[in-house]
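Read-outs: derived from the displayed coordinates by stated rules, not from any lab. All figures in this text were calculated on a predicted structure; none of them were measured in a lab. FYI the Cβ positions are ideal-geometry reconstructions off the backbone, even for glycines, and counts take in every protein chain you see.
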Amino acid sequence: VDRTEAYPWDVVEALREGGFMGMTVPVAYGGLGLSFLDAVLVVEEMARQCGVTGR
C-alpha cells in the first residue's frame, strides 16, 4: 500500500474468507456472533502483525 498506493484487495478477500468481515454479525445471519470487544481485540492483534490489515 505505501509504495504502490494500491488497495490490498487480496488481503480483504482473505479476511472475508476467514470470517473476519462478519465478526460482529449474528450467527443467525452468517456471521461469527462476536462482541465488539472481541472484534477490537482481533483487529488490535492483526495491526500488531500487519499495519495495513489493522487500518
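As a footprinting exposure proxy, order Met21, Met46 by other Cβ within 10 Å, with the fewest listed first. Could the numbers behind the result be given before it?
On the way: Met21 14, Met46 17.
Lowest count first: Met21, Met46.
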- [ ] Could you line up Arg3, Arg16 from fewest to most neighbouring Cβ atoms inside 10 Å?
- [x] Arg3, Arg16
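What is the dipole size for the chain, taken about its Cα centre, with +1 at each Lys and Arg Cβ and -1 at each Asp and Glu Cβ, in debye to the nearest 20? Walk me through the intermediate numbers first.
Working: 4 positive and 8 negative charges, 13 e Å.
That gives the chain a dipole magnitude of about 60 debye.
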Task: Ranked list, fewest to most other Cβ atoms within 10 Å of each Cβ, for Val27, Val43 - done: Val27, Val43
- [ ] Among [x] 1.23; [y] 1.41; [z] 1.47, find the value of Cα Rg over 2.2 N^0.38 Å that was calculated from the structure presented, and write down its label.
- [x] [x]
